[in-house]
1. For segment 61-69, in order, what is each residue's ³J(HN,Hα) by Karplus, 6.51 cos²θ - 1.76 cosθ + 1.60 with θ = phi - 60°, in whole Hz (x at glycine and Pro)?
2. Taking the full set of protein chains and a 1.4 angstrom probe, give the accessible area of K170 in square angstrom, rounded to the nearest 10.
3. If I take R0 = 41 Å and measure r between the Cβ atoms of A183 and M60 in this structure, what FRET efficiency does the formula 1/(1 + (r/R0)^6) give, to the nearest 0.05?
4. Once phi is turned into θ = phi - 60°, what whole-Hz ³J(HN,Hα) does the Karplus curve with 6.51, -1.76 and 1.60 give for every residue of segment 146-160, x standing for Gly and Pro?
5. Among G193, T163, A115, whose Cα projects farthest towards the positive end of the dipole of segment 111-211, with charges put on the beta-carbon of Lys, Arg (+1) and Asp, Glu (-1)?
6. Separation of segment 166-196 and segment 69-114 by C-alpha centroid, Å?
7. Taking a label point 7 Å from the Cα of E33 along the Cα→Cβ vector, which residues of segment 49-65 have an amide N closer than 14 Å to it?
8. Run the numbers for Y14 and A166: contour at 0.36 nm per residue of separation, minus the present Cα-Cα distance, in nm.
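The values are calculated or read from the model by the stated rules, or taken from the named source; none is laboratory data. For clarity, every value in this text was computed on a predicted model and none was experimentally measured. Cβ sites come from the backbone with ideal geometry, for glycine too, and all protein chains shown count toward neighbours. Note: accessible area is taken over every heavy atom of the protein model, side chains too, but ligands, DNA and RNA are not part of it. Shrake-Rupley method; radii C 1.70, N 1.55, O 1.52, S 1.80 Å.
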Amino acid sequence: MGLCKDSWGYVSIYKRIQNQKVSFKNLYMILDEASLTFNGDAFEGEEYLFRQGLVENSPMEIAKFLHLTKKIKPSKKREYLNQRRDVLDKLVHLQNFEMQFLPNALRNLFGTISAPEQRGGLLTEMMEKFSERFCLCNPNLGLSKDTVFVLCFSLIMLSVDLTSPAVKNKMSKREFIKNTKRAALGVDEDFAGHLYDNIYLIGHVAREDTD
């Protein structure tokens with residue numbers, strides 16, 4: 001069981017085989033085939049998971065599987081979640097962003113689910129769900145969901161501005177602070193400055209795919 005859980009932290013079938021004699025070698029091979037199938041075609045992978053009884057057909061069970069497996073490509077998760085917004089909702093709410101600085105929390109999210117290439121649609125919904133979850137995890141910050149939502153897009157745009165070689169005139173820290181204070185209510189100069197420094201020193205909030 002341990003070898004399976006190292007790669008697939010959660011599948012529904014674990015709940016049913018705890019007290020049964022099961023060939024975990026066979027289970028490992030089936031799970032590996034499921035992951036290969038999912039990474040080829042997400043929805044064929046979904047059907048394989050259901051057909052083999054590996055994952056129950058419910059948004060939360062699928063979200064738990066995606067949350068804890070190391071074998072599914074982030075880009076394939078994005079492709080799948082673009083069609084399964086019910087699973088996206090559950091998956092974001094499984095994330096723990098407690099005590100994480102906002103840009104780092106975004107990096108963790110996009111390390112789990114590849115950032116969509118285009119603004120709007122899936123990205124907007126991801127940021128809405130992320131903002132809600134981030135606020136629930138960090139009530140001490142006193143930031144509203146709407147403020148975090150605005151900051152998320154500000155950080156994404158700043159990331160592109162500072163890291164893209166195509167952008168010649170980089171946004172200054174002073175410009176970012178001014179724009180952020182105007183757009184995001186309740187954000188002071190120090191906080192906005194720390195956001196800028198984080199992107200400047202660490203880089204883009206949306207990690208590149210390692211597929």
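1. 5, 5, 4, 4, 4, 5, 5, 10, 8
2. So the heavy atoms of K170 present about 80 Å² to solvent.
3. Numbers: r = 35 Å, r/R0 = 0.85.
It comes to 0.75.
4. 5, 5, 4, 4, 5, 5, 4, 5, 4, 5, 5, 5, 5, 4, 5
5. G193
6. So the separation of the two Cα centres works out to 26 Å.
7. Answer for segment 49-65: 49-54.
8. Values: separation 152, 0.36 × 152 = 54.72 nm, distance 4.91 nm.
Taking Y14 through A166 to full extension adds about 49.8 nm, to one decimal.
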